[in-house]
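One structure is given below, encoded as structure tokens.
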């Protein structure tokens, strides 16, 4: 075990290596506790570490709620792991339920299809099915993007009240995200999107890229994810976007049904998007 002096040695490479080793040891502590090694001395022996090092690692994990500590009993897995497990389970379930529908939507349209969820005030991309067209969509699984400018982000916000939408818009404004649509116009468009059950992105987040997006709901009718169909503007004029609206909504509703949603539980259907589209790009 390196001494603290080694861990804190100068040089980014040395610090990076020490930080990685510390992280691995922290994960080993979690694994050992999950296997029933609750007492400090037992943990130290199992991991081959000194008591002081084991105590330091375990205390940090307790501080961040990955472990809990009870006097005279020892360590146990903490509430943070329950939270992460719930999130991971939900995301994996959504991804699994959505995959076949995403593939069918992509193969039928020739365009790129995304799956995303709301996490930490951003869109988290969970899956991506590249289209067959020679179009480069720069998104990546695992990345996060703003809410107000992306089709996925807007679809995830369709149930939010106006006050909440205003807060999100202004928060992203303060964070410095570039966006050309004024707040009043954005709120008007979001109202139209809520009525139609779909959201649009016309080169608002990425130059020359448009998309149609729709929300995914769970058994309680809550929006838990969204899908989008994206392509270059040359393949996504207004007429084609109108035509694709039904396909994207149908795919989102099929995924929602796989998650237990039933159409009678939520009013996500609305008037044709044609009227809102005629009022200008979204």
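The values are calculated or read from the model by the stated rules, or taken from the named source; none is laboratory data. Everything numeric here is computed off the predicted structure, so don't read it as measured data. Here the Cβ is made from the backbone with ideal geometry for all residues, glycine too, and neighbour counts use every protein chain on show.
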Read through the list (1) modelled with pLDDT of 95 or more; (2) out of contact with any strand residue (DSSP E or B) (no Cβ under 8 Å at 6 or more places or on another chain); (3) surrounded by 12 or more Cβ atoms within 10 Å (Cβ to Cβ), then give the number of the only condition that residue 50 fails. (3)
Counted residues, region 155-174 - those being free of Cβ contacts under 8 Å to residues at least 12 places away in the same chain and either in contact with a strand residue (DSSP E or B) (Cβ under 7 Å, 6 or more places away or on another chain) or crowded, with 19+ Cβ neighbours inside 10 Å (or both): 0
Single unsatisfied condition, residue 152 versus (1) at pLDDT 95 or above; (2) part of a loop (DSSP other than H, G, I, E, B); (3) crowded, with 17+ Cβ neighbours inside 10 Å: (2)
Filtering region 175-190 down to residues that are assigned to a helix (DSSP H, G or I), over 21 Å from the mean Cα position of the chain (by Cα) and exposed (fewer than 14 other Cβ atoms within 10 Å of the Cβ) yields 184, 185
How many of the residues making up region 61-73 are assigned to a loop (DSSP other than H, G, I, E, B) and more than 25 Å from residue 119 (Cα to Cα)? 3
Test result for residue 127, closer than 18 Å to residue 259 by Cα and either crowded, with 20+ Cβ neighbours inside 10 Å or touching a strand residue (DSSP E or B) at 6+ places or on another chain (Cβ under 6 Å) (or both): yes
On the basis of being in contact with a strand residue (DSSP E or B) (Cβ under 9 Å, 6 or more places away or on another chain) and modelled with pLDDT of 95 or more, does residue 252 make the cut? yes
Which one of the conditions (1) part of a loop (DSSP other than H, G, I, E, B); (2) at pLDDT below 95; (3) within 28 Å of residue 93 (Cα to Cα) does residue 158 fail to meet, given that it meets all the rest? (2)
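Residue by residue, here is whether (1) modelled with pLDDT of 95 or more; (2) outside any helix (DSSP H, G or I) holds:
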position	(1), (2)
21	no, no
44	yes, no
59	yes, no
75	yes, yes
80	no, no
92	no, no
102	yes, no
116	yes, yes
Does residue 100 count as over 14 Å from the mean Cα position of the chain (by Cα) and surrounded by fewer than 19 Cβ atoms within 10 Å (Cβ to Cβ)? yes
